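Below: one structure, written as structure tokens.
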Amino acid sequence: MATSTNRLRHMKARTLAGVAGSIAAAALAVGMAVPAQADPDTDFANQLHTYGIYGPKDYNAWIGKITCQRLDNNVDHSATDSAAFLKKNLPRNSSSEQQVYQFLNAAFDTYCPEKHDLLVALAH
């Protein structure tokens, strides 16, 4: 009888360990199943590509972010100032005037949407 009782206890312990392991694995899977966060730099590059603006993703993202920082730090005061900065820093042979403003719009969309009023003011 003692042997049967020991076997029963051992089986229960194994079953509980298996259930606990399954619960732990499920919890780990749920924890790892966090939705992927969008990469704003990739989104920015993709938006630029729709305008025919290409180049190193990291460089373009860096220039876009600096454009916003220059406005925040009062280095530039208008969309025209920002466009002048971009003209100096984007490849001259592949950036038309229109593409400079498209780049600026994409930078505002991605990195500083609160700056869109500057583009609206430029249009008036």
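Table: residues versus (1) outside any helix (DSSP H, G or I); (2) at pLDDT 95 or above; (3) of a type outside the set (Phe, Trp, Tyr).
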site	(1), (2), (3)
Ala36	yes, no, yes
Gly52	yes, no, yes
Asn74	yes, yes, yes
Ala83	no, yes, yes
Phe108	no, yes, no
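When the range 91-101 is examined, which residues are found to be closer than 22 Å to Ala121 by Cα and part of a loop (DSSP other than H, G, I, E, B)? Lay out the reasoning, then the answer.
Applying the first criterion (closer than 22 Å to Ala121 by Cα) to the range 91-101 yields 96-101.
Listed by number, the list holds a single entry, Ser96.
With the structure loaded, tell me whether Lys88 is assigned to a helix (DSSP H, G or I) and over 24 Å from the mean Cα position of the chain (by Cα) or whether it fails that test.
So Lys88 passes the test.
The values are calculated or read from the model by the stated rules, or taken from the named source; none is laboratory data. Since we're looking at a predicted model, the values are computed, not measured.
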